[in-house]
Structures are given as C-alpha cells and as structure tokens.
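Asker: Got a structure for you, questions after.
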Amino acid sequence: HSLEQTAKAWHYTQNSIMVSWAPHTHVYGLVCGLLLPLYYGSTVIILSPAEFIKKPITWLRAIDQYNATHSGCPNFGYDYSIESIDSAECVGLNLKTWKVAVNGGEFINEGTLLKFFEKFSPYGFGKQSFHLAYGMSEVTGLIASHIYDFKIHKKKKKKKEDRSVLSVGKPLYGLKAVVVDP
C-alpha cells in the first residue's frame with residue numbers, strides 16, 4: 001500500500017528511472033533507492049553516498065546520462081550541490097528528463113529550493129519538479145507529499161519575526177495525521 005501511494009504521489013511507473021545516492025539505512029534510500037524500483041521493476045542507478053559528498057556533480061551527471069525521471073534527497077543535498085558545483089562542471093548538463101525531485105527527510109528550506117532552481121534551471125531543471133515530502137521510518141515510507149508551487153507562505157512568529165513555512169501536502173490515501181498534546 002505504501003509503495004503504491006508513494007508511486008501515485010510521485011507519478012512513478014514501470015518506465016520511471018531513479019537515481020539515488022541516499023544510504024539504504026535511511027528510509028529515503030531504502031524506499032526510493034531499492035523498494036520502489038524493485039516493486040515496479042523499473043531502472044535504478046545507485047550511487048555511493050561517499051561519491052556524492054566527494055563530488056556532487058556526479059549525482060546530476062548520472063541524472064543526465066541515464067535520462068532519470070526521479071531523484072531526490074534531504075534538503076542538505078540540494079544545499080551542498082548549490083555550494084559545491086561550479087558552472088564549469090555544468091557545461092553540457094541536461095536535466096530536462098528530471099520530472100520529480102523529492103526533497104524530504106529533514107526540514108525543507110524554501111531558500112534552498114529557490115537557489116537550486118535558479119542555479120540549475122539553465123540546464124533544464126523545471127520549477128514543477130520539486131516534490132516536498134514527509135515520511136517516517138515507522139511506516140516505511142511516505143506520509144505526505146505535494147509539488148512545490150514557488151509561492152511564499154509566511155507564518156507569524158514572536159515579535160515581528162516571519163518564517164517561511166512550507167507544506168509537505170496532505171496525508172496520502174489511507175493515512176490519517178493526528179496532532180496530539182504529548
């Protein structure tokens with residue numbers, strides 16, 4: 001059920017091509033890097049997390065080389081790519097096939113989404129590609145997800161402080177979110 005709902009939220013099919021560098025000990029790496037491709041019999045390219053940390057352009061080059069439709073990581077991976085990849089490394093890069101760029105697994109920073117889009121849109125990365133997600137290891141996968149719409153959502157905090165708050169979407173079919181006082 002969880003894999004079918006994840007596939008539905010991310011438009012994942014047997015024809016999807018996934019690139020993953022997330023460790024399989026992390027729920028994203030396990031579900032998206034192994035279980036989803038196995039369940040659908042689709043292609044997955046698995047990169048070493050160490051290779052990504054050493055040279056993050058490897059991730060984007062793999063997306064280009066294999067015409068990947070799906071890939072993603074926690075917010076820090078997008079930040080790290082923004083900071084570490086220079087424009088000379090991007091010559092010839094084509095990210096047009098990357099339709100679902102999942103960001104989840106930790107707090108999602110709206111500034112990161114905007115900067116990543118700004119830096120990589122000249123290479124075909126689309127605005128509509130970002131899918132924000134919230135998952136839990138306890139349910140082995142995705143709980144909520146939606147496409148990021150590049151609108152700024154502000155929530156008032158203490159004394160004139162504003163903080164951008166991003167929704168990760170509604171719970172997937174068959175799931176119910178309950179907020180309780182501990």
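Asker: Does at least one position in the stretch 72-83 carry a residue that is charged (D, E, K, R) and not in a helix (DSSP H, G or I)?
Answerer: Initial filter on the stretch 72-83 (charged (D, E, K, R)): 79, 83.
Still in the list and also not in a helix (DSSP H, G or I): none.
No, every residue in the stretch 72-83 fails to be charged (D, E, K, R) and not in a helix (DSSP H, G or I).
Asker: For the stretch 40-48, indicate whether the set of residues that are assigned to a helix (DSSP H, G or I), without any contact (Cβ under 8 Å) to a residue 60 or more places away in the chain and either within 18 Å of HIS131 (Cβ to Cβ) or out of contact with any Lys or Arg (no Cβ under 6 Å at 6 or more places or on another chain) (or both) is non-empty. Walk me through how you get there before you give the answer.
Answerer: From the stretch 40-48, those assigned to a helix (DSSP H, G or I) are 40; that's our starting set.
Keeping just the survivors that are without any contact (Cβ under 8 Å) to a residue 60 or more places away in the chain gives 40.
If we keep only those that are either within 18 Å of HIS131 (Cβ to Cβ) or out of contact with any Lys or Arg (no Cβ under 6 Å at 6 or more places or on another chain) (or both) too, we end up with 40.
So far as the stretch 40-48 goes, yes, one or more of its residues are assigned to a helix (DSSP H, G or I), without any contact (Cβ under 8 Å) to a residue 60 or more places away in the chain and either within 18 Å of HIS131 (Cβ to Cβ) or out of contact with any Lys or Arg (no Cβ under 6 Å at 6 or more places or on another chain) (or both).
Asker: Could you tell me whether the stretch 71-81 includes any residue that is among the small types (Gly, Ala, Ser), closer than 16 Å to LEU132 by Cα and modelled with pLDDT under 95?
Answerer: The initial filter retains those residues of the stretch 71-81 that are among the small types (Gly, Ala, Ser), namely 71-72, 77, 81.
So of that shortlist, the ones also closer than 16 Å to LEU132 by Cα come out as 71-72, 77.
Then keep just the ones that are modelled with pLDDT under 95; that gives 72.
Yes, because at least one residue in the stretch 71-81 is among the small types (Gly, Ala, Ser), closer than 16 Å to LEU132 by Cα and modelled with pLDDT under 95.
Asker: Show the residue pairs that are 6+ apart or on different chains and have beta-carbon atoms under 6 Å apart, the first residue being within the stretch 119-139 and among the hydrophobic types (A, V, I, L, M, F, W, C) and at pLDDT 85 or above, the second being part of a helix (DSSP H, G or I) and crowded, with 17+ Cβ neighbours inside 10 Å.
Answerer: These pairs meet every condition: PHE130/LEU113.
Asker: Here's something else I'd like to know. Modelled with pLDDT under 95, in a loop (DSSP other than H, G, I, E, B), touching a Ser or Thr at 6+ places or on another chain (Cβ under 9 Å) and within 20 Å of ALA133 (Cα to Cα), is that true of HIS11? Break it down stepwise before answering.
Answerer: Working: modelled with pLDDT under 95: yes; in a loop (DSSP other than H, G, I, E, B): yes; touching a Ser or Thr at 6+ places or on another chain (Cβ under 9 Å): yes; within 20 Å of ALA133 (Cα to Cα): yes.
Spelling it out, HIS11 is indeed modelled with pLDDT under 95, in a loop (DSSP other than H, G, I, E, B), touching a Ser or Thr at 6+ places or on another chain (Cβ under 9 Å) and within 20 Å of ALA133 (Cα to Cα).
Here's the yes/no breakdown for (1) within 21 Å of PHE116 (Cα to Cα); (2) touching a Phe, Trp or Tyr at 6+ places or on another chain (Cβ under 9 Å); (3) among the β-branched types (Val, Ile, Thr):
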site: MET18; (1), (2), (3): yes, yes, no
site: TYR39; (1), (2), (3): no, no, no
site: ASP64; (1), (2), (3): yes, yes, no
site: CYS73; (1), (2), (3): yes, yes, no
site: ILE82; (1), (2), (3): yes, yes, yes
site: SER87; (1), (2), (3): yes, no, no
site: LYS96; (1), (2), (3): yes, yes, no
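Asker: Restricting attention to the stretch 88-132, report how many residues are aromatic (Phe, Trp, Tyr), within 14 Å of the chain's Cα centre (by Cα), over 19 Å from GLY33 (Cα atoms) and surrounded by 17 or more Cβ atoms within 10 Å (Cβ to Cβ).
Answerer: As a first pass, look at the stretch 88-132 and keep what is aromatic (Phe, Trp, Tyr): 98, 107, 116-117, 120, 123, 125, 130.
If we keep only those that are within 14 Å of the chain's Cα centre (by Cα) as well, we get 98, 107, 116-117, 125, 130.
Now drop any that are not over 19 Å from GLY33 (Cα atoms), which leaves 107, 116-117, 125.
Next, only the ones that are surrounded by 17 or more Cβ atoms within 10 Å (Cβ to Cβ) stay: 116-117, 125.
Residues in the stretch 88-132 being aromatic (Phe, Trp, Tyr), within 14 Å of the chain's Cα centre (by Cα), over 19 Å from GLY33 (Cα atoms) and surrounded by 17 or more Cβ atoms within 10 Å (Cβ to Cβ): 3 in total.
Asker: Tell me the residue from ILE85, ILE46 that is open to solvent by less than 10 Å² (accessible area, probe 1.4 Å) and either hydrophobic (A, V, I, L, M, F, W, C) or at pLDDT 95 or above (or both), please. Break it down into steps so the answer makes sense when it comes.
Answerer: On the way: ILE46 fails: open to solvent by less than 10 Å² (accessible area, probe 1.4 Å).
Just a single option satisfies the conditions, and that option is ILE85.
Asker: Still on this model: Considering only residues that are acidic (Asp, Glu) and surrounded by 14 or more Cβ atoms within 10 Å (Cβ to Cβ), which ones fall in the stretch 49-82? I'd like the intermediate steps shown before the answer.
Answerer: Filtering the stretch 49-82 down to residues acidic (Asp, Glu) leaves 51, 64, 79.
Selection gives ASP64, ASP79.
Asker: I would also like to ask the following. Which of the numbered conditions does ALA101 fail, given that it passes all the others? Conditions: (1) over 17 Å from MET18 (Cβ atoms); (2) part of a strand (DSSP E or B).
Answerer: Evaluating ALA101 over (1) over 17 Å from MET18 (Cβ atoms); (2) part of a strand (DSSP E or B) leaves (1) as the failure.
The values are calculated or read from the model by the stated rules, or taken from the named source; none is laboratory data. Every value quoted in this text rests on a predicted model; they were computed, and no experiment measured them. Every residue, glycine among them, receives a Cβ derived from its backbone with ideal geometry; neighbour counts consider all protein chains shown. Ligands, DNA and RNA are excluded from the accessible area calculation, which covers all protein heavy atoms including side chains. Shrake-Rupley method; radii C 1.70, N 1.55, O 1.52, S 1.80 Å.
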